[in-house]
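Remarks on the structure that follows.
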Amino acid sequence: MDDPIYSVRQVTQALQELLEEAVPPLWVEGEVSNFRASRAGHWYFTLIDAHAQLPVVMWRLAAMRNQHVRPEDGALIRARGELTVYQQGGNYQLQAERVLPVGKGAVVSALEHLREALRKEGLFSEKRKRPLPPFPSVVGVVTSPRGAAVQDILAVVGERYPIARIVLYPVVVQGANAPREIVHALRMLNLLDAADVVVIGRGGGSSEDLSAFNDEAVVRAVAESRLPVVSAVGHETDVTLADLAADARAPTPSAAAERVVPDKEALLNELGVCAGRMAKAMNRRIESSRQKLAELKRAVSPKRQRDALRNRMQRVDELAWRLESAVKAQALQKQNRLQALAGTLNALSPLAVLERGYSVCFDENGKPIRSAETVKPGDALRIKLRRGEILANAAAVRKEEDDGE
């Protein structure tokens, strides 16, 4: 037998390669049946309709990205992925990357569920958002290279702030590959530190076209970015989850460009105003310094010094005269006081009494005799006069009561 012989594995591999090359990634819609999740985190289920069934596997990383739309038995969903062959089982299956509930109500419900879950994690908190750099040197742009968004950004930045450099990281902004490319672009810009601020977005579209910016992986990449991110999806009525996670949101790419770079005309006007203020301040400072210098010159001039010395000399003379007058006045006051006290003392002095013709009698011991009762006839007496003394003996004593007889 001349025909080649193949092993079962070779046949299965050939069918797998043929199937993967012939059928590109596609969306498949059906009802979920027999859903189960392995301990490793992989999802397994079957999509069925009235006529056929298709096994589906979603590996752990993809399952984590689609946790907010976890399939349930009986639910109608759409799954996107590649058709392949499971060699051990010998059957074909869909390796899914994304799942979406069918119907607008279900999609909105899943989006709201994801929004609430991310909000609870703090991804939308204003506290974690950072201010945009006021004067960026490099602006990173993550968008389609063929869309109107990049042209709008280039035009606005070139007109407002031409010294800024634009670094474009081209991605697709819709379709199955859009989330993966946007996430990769953000991570590469952060890894290379290639920009001061990043603008991500697109030039508008329907709600379905904006689905990439509601993808959980994209939202987390925006929130985790070390570089400030401005979201510019280009749809003023619809707010995507990427808008909520970004550090700033702009309704259009043009508005985002205006947000991230300053206006050169406004800067030039502000510089002119600042230059005018600075010139006025310098002129005031120079004039003030000139006046102080003139005052210093006058203060240190020989005439000024001589006048100041003469003023001080005259002041010293005035103070000396005042001191002399004060001393004389105080001395005169003391002298007058002394004379008054001397007059008072003289009026009370016994000598003044003697001056008027009176005398003072003392006993032989020199004690003043105040009463006749202390004297006996024959006692020695000393009689003090204004001038001199008389020594005598008492011949007789006449007491107080004798005067009344």
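The values are calculated or read from the model by the stated rules, or taken from the named source; none is laboratory data. Remember, predicted model here, so these are calculated numbers, not experimental data. Methodologically, a virtual Cβ is constructed for each residue, glycine included, from the backbone with ideal geometry; neighbour enumeration extends over all protein chains shown. Remember, those area values only see protein heavy atoms, side chains included, never the ligands or the DNA or RNA. Shrake-Rupley method; radii C 1.70, N 1.55, O 1.52, S 1.80 Å.
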### Task
Could you tell me whether the range 133-149 includes any residue that is under 32 Å from the mean Cα position of the chain (by Cα), open to solvent by 70 Å² or more (accessible area, probe 1.4 Å), of a type in the set (Ser, Thr, Tyr) and on the phi < 0 side of the Ramachandran plot?
yes
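One residue is enough: does the range 46-60 have a residue meeting the conditions surrounded by 12 or more Cβ atoms within 10 Å (Cβ to Cβ) and assigned to a helix (DSSP H, G or I)? Lay out the reasoning, then the answer.
Step one: filter the range 46-60 for residues surrounded by 12 or more Cβ atoms within 10 Å (Cβ to Cβ), giving 46-49, 53-60.
Remaining after also requiring assigned to a helix (DSSP H, G or I): 60.
Checked against the condition, which is being surrounded by 12 or more Cβ atoms within 10 Å (Cβ to Cβ) and assigned to a helix (DSSP H, G or I), the range 46-60 yields at least one hit.
Would you mind stating whether residue 180 is touching a residue at least 40 places away in the same chain (Cβ under 8 Å), open to solvent by 20 Å² or more (accessible area, probe 1.4 Å) and closer than 18 Å to residue 219 by Cα? Outline the logic, then answer.
Numbers: touching a residue at least 40 places away in the same chain (Cβ under 8 Å): no; open to solvent by 20 Å² or more (accessible area, probe 1.4 Å): yes; closer than 18 Å to residue 219 by Cα: yes.
Spelling it out, it is not the case that residue 180 is touching a residue at least 40 places away in the same chain (Cβ under 8 Å), open to solvent by 20 Å² or more (accessible area, probe 1.4 Å) and closer than 18 Å to residue 219 by Cα.
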### Message
If I ask for residues that are of a type outside the set (Val, Ile, Thr) and under 30 Å from residue 159 (Cα atoms), which ones from the range 268-309 would you list?
### Response
268, 269, 270, 271, 272, 274, 275, 276, 277, 278, 279
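Does residue 128 meet the test of being in contact with a helix residue (DSSP H, G or I) (Cβ under 7 Å, 6 or more places away or on another chain), surrounded by fewer than 19 Cβ atoms within 10 Å (Cβ to Cβ) and of a type in the set (D, E, K, R)?
Numbers: in contact with a helix residue (DSSP H, G or I) (Cβ under 7 Å, 6 or more places away or on another chain): no; surrounded by fewer than 19 Cβ atoms within 10 Å (Cβ to Cβ): yes; of a type in the set (D, E, K, R): yes.
No: the conditions fail for residue 128.
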### Task
All but one of (1) touching a residue at least 12 places away in the same chain (Cβ under 8 Å); (2) within 30 Å of residue 239 (Cβ to Cβ); (3) of a type outside the set (Gly, Ala, Ser); (4) out of contact with any helix residue (DSSP H, G or I) (no Cβ under 6 Å at 6 or more places or on another chain) hold for residue 112, so report the exception by its number.
(1)
## Note on the structure
Scanning the range 80-98 residue by residue, those open to solvent by less than 90 Å² (accessible area, probe 1.4 Å) and either out of contact with any Lys or Arg (no Cβ under 7 Å at 6 or more places or on another chain) or more than 21 Å from residue 24 (Cα to Cα) (or both) turn out to be 81, 83, 84, 85, 89, 90, 91, 93, 94, 95
### Task
Identify all residues within the range 274-311 that are of a type in the set (Lys, Arg) and either surrounded by fewer than 10 Cβ atoms within 10 Å (Cβ to Cβ) or under 42 Å from the mean Cα position of the chain (by Cα) (or both); write none if there are none.
277, 280, 284, 285, 290, 292, 303
### Query
Among (1) open to solvent by 30 Å² or more (accessible area, probe 1.4 Å); (2) of a type outside the set (Asp, Glu); (3) touching a helix residue (DSSP H, G or I) at 6+ places or on another chain (Cβ under 7 Å); (4) not in a loop (DSSP other than H, G, I, E, B), where does residue 174 come up short?
(4)
### Message
One residue is enough: does the range 30-43 have a residue meeting the conditions open to solvent by 70 Å² or more (accessible area, probe 1.4 Å), touching an Asp or Glu at 6+ places or on another chain (Cβ under 8 Å), in contact (Cβ under 8 Å) with a residue 24 or more places away in the chain and part of a strand (DSSP E or B)?
### Response
yes
### Query
If you scan the range 107-144, which residues turn out to be of a type in the set (Gly, Ala, Ser) and outside any helix (DSSP H, G or I)?
122, 125, 137, 140, 144
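Out of the range 51-103, which residues are among the hydrophobic types (A, V, I, L, M, F, W, C) and under 23 Å from residue 18 (Cα atoms)? Lay out the reasoning, then the answer.
Initial filter on the range 51-103 (among the hydrophobic types (A, V, I, L, M, F, W, C)): 52, 54, 56-59, 61-64, 69, 75-77, 79, 83, 85, 94, 96, 99-100, 102.
Listed by number, the residues that qualify are 52, 54, 56, 57, 58, 59, 79, 83, 85, 94, 96.
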### Query
Are there any pairs, at least 6 apart or on different chains, whose C-beta atoms fall under 9 Å, with the first in the range 125-140 and in the same structural domain as residue 219 (by TED's automatic domain parsing) and within 17 Å of residue 223 (Cβ to Cβ) and the second exposed (fewer than 11 other Cβ atoms within 10 Å of the Cβ) and at pLDDT below 95, and if so, which?
128/122
#### Entry: In the range 193-220, the residues that are part of a helix (DSSP H, G or I) and in contact with a strand residue (DSSP E or B) (Cβ under 9 Å, 6 or more places away or on another chain)
211, 213, 218
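Need at least 2 residues that are closer than 30 Å to residue 116 by Cα per element, so show me which helices (runs of 4 or more DSSP H) inside the range 234-334 make the cut, counting only ones lying wholly within it.
Result: 241-245, 253-260.
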